[in-house]
Amino acid sequence: MTWPARSMAETLALLTAPGAPFEMAEIDALGRSVRSYVRTPPNLRAVFDASRNFGDRDLIVYEGERLSFDAHWRAATAFGRALSEDFGVRKGDRVAIGMRNYPEWSICAWGALAIGAVVVPLNAWESHTTLSLLLEDCGAQIAIVDGERFERLHHAQPGAVPLIVARDDAPPGAVALASIIGIPENYAALPEAPLPDPALAPDDLATIFYTSGTTGRPKGAMGTHRNILTNLLNTGFRAMRAAVRRGEPVPAGASTTPRRTLLPMPFFHVTGFHSTLLPAMANGSTIYLMFKWDTARALEIIARERINGLNLVPTLAWQLSDAIRTGTVDTTSVDTVGYGGAAAAPELAQRMREAFPNGYPGQGYGATETSSLVAANSHEDMMARPGSVGPPVPCCDIRIVDTAGHDVPTGEDGELWVRGANIVAGYWNMPEATAECFADGWYRTGDIARRDAEGFITILDRVKDMLIRGGENIYCVEIEECLASHADVAEVAVFGMPERVLGEVVGAAIRLREGATADREALAEHVRARLAAHKAPVVIDFHATPLPRNAAGKLLKRELKAALLDRMTHPDHATQEKHL
């Protein structure tokens, strides 16, 4: 069979035609005219209630524990009732969640969503200072945390927000989740009584996911029910597009075959919640969770549970590939290996084909502000263009513009702008940032991209002063401020340095004060003592003269990074390689 049997334009037309799975209609959402999928569920509560129909099928498997759809529905319903009746949570109130990927994360999130509350997922690895800041910023009515997060928050701001503790005995000043919904073994015996209907509208606020920005201050992206449910359909588009491109007939609807997905990505990322947990709830699939990523354990789970799909960051994909090359584990059950969230080398696609002989790689591009997917590449298209993130999903319009906001010709570089039903309502309590980033209905991604004649997008660089290490967003300004607080540091610029497995690591150019003696390890330890360990610089380039700046006084980071890369690639050019 000659591939592709159909052009991308023909494939898109077939999948979005009247009566097809991705049929669209022009609607008004948040005062913007956008295309919306006709078959989008009305709200997340509808997905939650329908999930109970999957009965005793496993929804979440965590370290040997198995939570069925029915037991999950009962526990989440009991928790939603307690939020309403015992804690006074009303529609629109914020309910924060800060914990590892325990099954209770999903129970608490869906219980809150079902009564119309706004779920605020917290990055569980942040410092107590940042966690406290986010709780204050969103005005959380209550927070559900695990023991680790309780210790951080309780010592930082005791009593500031009522805390419910999951997976641990409740210390003084908190309520144990088990005292509300019981223990996992008894979830299936909880009452069947459904919750009152909160009369949710598609454009009602559902979540606030905190994201990063050029200033380093976290911004709360306000996701509506429509935003998130639009992404639900986007997640099913990639595989269907590949099938139709091969010449297969257009399916009548989404596949009803339950899938088994291994998820090491946290639920507090949109990939974990919007693109994995929500589709599992809607499609009757099973998610496998781990307390902590371990490559050998992951391979055991893949073989034992006959995992079909993997949702990874490139770092973990490389690790699995390396382990499979030296082992004998059975990976034949895997048909899809998705990765994203960080830069991925084009050769990773071929490595995935070799590691998973019955699987195809898939790469997605998106952001918190786009409710996950904007573009997707997979299957044969991924092998043909491994450096591309694929064409846009059907509901998204894109523009690639120059610095004046004018569209650039096909094949030229510019900033990527996106419009669609998946674009969030803006930033919580940040009207100026909202106006700047969401002008005229277009979300300005801050990413430099190029689009070819068939619509495939390649992401080239980021305008934003941010780097991504193994899927984790890192604010350069935050690290710069931390390093600048060291008594020996006169000037500092922080930027991402490419690394094969992690995508990027933290690099820094530093000029020390006269007579200072701080070395690389002392400066890295200074950061580790104040910020999360993964934010510590891995590469430090010491400068004896002032760092270069432009006429406005801004540091020329690209120039610093390029010079450092040149010296690392060509040591004969270097005069300072001993400092790296």
Handout entry: Global form of segment 438-497, assessed from the alpha-carbon gyration tensor, a/c cut-off 1.5
Key = prolate
Problem - Protection proxy ranking of 404-413, 6-15 - average other beta-carbon atoms within 10 Å, highest first - result: 6-15, 404-413
Fill in the blank from the handout: Projected onto the charge dipole of the chain (unit charges on the beta-carbon of Lys, Arg, Asp and Glu, signs +1, +1, -1, -1), the Cα from Leu316, Gly139, Gln363 with the largest positive-side position is that of Gln363
Exercise for the section: Leaving ligands, DNA and RNA out of it, rank Lys91, Lys219, Lys557 by accessible area with a 1.4 Å probe, largest first. Expected result: Lys91, Lys557, Lys219
Completion exercise
Quick calc: nm separation of the 7 Å Cα→Cβ label points for His128 and Glu65 -> 2.6 nm
Practice task
Report the residues of segment 401-422 in range of a label on Glu454: point 7 Å along Cα→C-beta, backbone N strictly under 19 Å from it.
Solution key: 410-412
Problem - Calculated [θ] (222 nm, deg cm²/dmol) that DSSP helices of n ≥ 4 give over the chain, each run adding -39,500 (n - 2.57) - result: -9000 deg cm²/dmol
Completion exercise
Expressed in nanometres to one decimal, the distance between label points 7 Å along Cα→Cβ at Asn186 and Asn429 is 3.8 nm
Practice task
Mind putting a number on the dipole of segment 1-58 about its Cα centre? Charges go on the C-beta only, +1 for Lys and Arg and -1 for Asp and Glu, and I need it in Debye to the nearest 20.
Solution key: 60 debye
Exercise for the section: Could I have the simple spin-label model distance between Ala544 and Glu347, label points 7 Å from Cα toward Cβ, reported in nm to one decimal? Expected result: 3.7 nm
Handout entry: Calculated FRET efficiency for the pair Thr517/Ala160, C-beta based, R₀ 35 Å, to 0.05
Key = 0.30
Practice task
Work out the charge dipole of the chain with +1 on the Cβ of Lys and Arg and -1 on the Cβ of Asp and Glu about the Cα centre, then indicate which of Trp73, Tyr427, Ala96 is farthest towards its positive end.
Solution key: Trp73
Fill in the blank from the handout: Residue separation between Ala252 and Asp407 times 0.36 nm, minus their alpha-carbon distance, gives in nm 52.1 nm
Exercise for the section: Multiply the residue gap between Lys292 and Arg39 by 0.36 nm, knock off their C-alpha separation, and tell me the result in nm, one decimal place. Expected result: 87.4 nm
Problem - Cα-centred dipole magnitude for the chain, charges only on beta-carbon of K, R (+1) and D, E (-1), debye, nearest 20 - result: 580 debye
Handout entry: Whether segment 245-367 is rounded, prolate or oblate, judged on the alpha carbon gyration tensor where a/c under 1.5 counts as rounded
Key = rounded
Practice task
Rounding to the nearest 20 debye, state how big the charge dipole of segment 482-529 is about its Cα centre with +1 on each Lys and Arg Cβ and -1 on each Asp and Glu Cβ.
Solution key: 80 debye
Handout entry: Positive-pole candidate from Val374, Phe150, Ala484, dipole of the chain, charges at beta carbon
Key = Val374
Handout entry: Mean-position separation - Cα centroids, segment 246-318 and segment 427-486, in angstrom
Key = 27 Å
Completion exercise
Using alpha-carbon positions, the gyration tensor of segment 108-176 gives root eigenvalues a ≥ b ≥ c; with a/c under 1.5 called rounded, otherwise prolate if a/b exceeds b/c, else oblate, the class is oblate
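The values are calculated or read from the model by the stated rules, or taken from the named source; none is laboratory data. Computed from a predicted model, the values in this text were never measured in an experiment. FYI the Cβ positions are ideal-geometry reconstructions off the backbone, even for glycines, and counts take in every protein chain you see. Note: accessible area is taken over every heavy atom of the protein model, side chains too, but ligands, DNA and RNA are not part of it. Shrake-Rupley method; radii C 1.70, N 1.55, O 1.52, S 1.80 Å.
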